[in-house]
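Written below as structure tokens is the structure these notes are about.
Just so you know, all these numbers are worked out from the coordinates, no wet-lab data involved. Values in this document were obtained by computation on a predicted structure and should not be read as measured data. Methodologically, a virtual Cβ is constructed for each residue, glycine included, from the backbone with ideal geometry; neighbour enumeration extends over all protein chains shown.
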Amino acid sequence: MTCLKCQHGVAKRFGTYGRRRIQRYRCKSCKATFSPPQRKPLERHTIEISKAVQIWLPALARPPPPINTPLAHYRTFQAVGVPARVVL
């Protein structure tokens with residue numbers, strides 16, 4: 001593993017971090033810690049594309065709530081599963 005800061009060729013494993021247990025490294029030359037660049041197909045989000053599709057397809061299939069009704073915002077929150085007492 002090459003150091004991202006000083007480009008030194010020798011780095012040692014230095015533990016893991018995060019829920020996904022991403023491997024960290026420490027440069028033997030400058031003592032900087034880093035991890036290899038992560039693949040992010042959805043720009044800043046690290047969620048897998050298949051998981052994102054599972055989340056968004058059901059939401060896109062629902063018809064939008066009527067806009068000009070007095071309780072439209074309550075229906076919007078109910079559609080995503082937020083109880084009405086939380087919205088108040």
Return, ordered by residue number, the residues of region 12-32 whose backbone nitrogen is under 18 Å from a label point located 7 Å along Cα→Cβ of SER50.
20
Excluding THR33 itself, what net charge comes from residues whose Cβ is under 9 Å from its Cβ, given Lys and Arg +1 and Asp and Glu -1?
+3
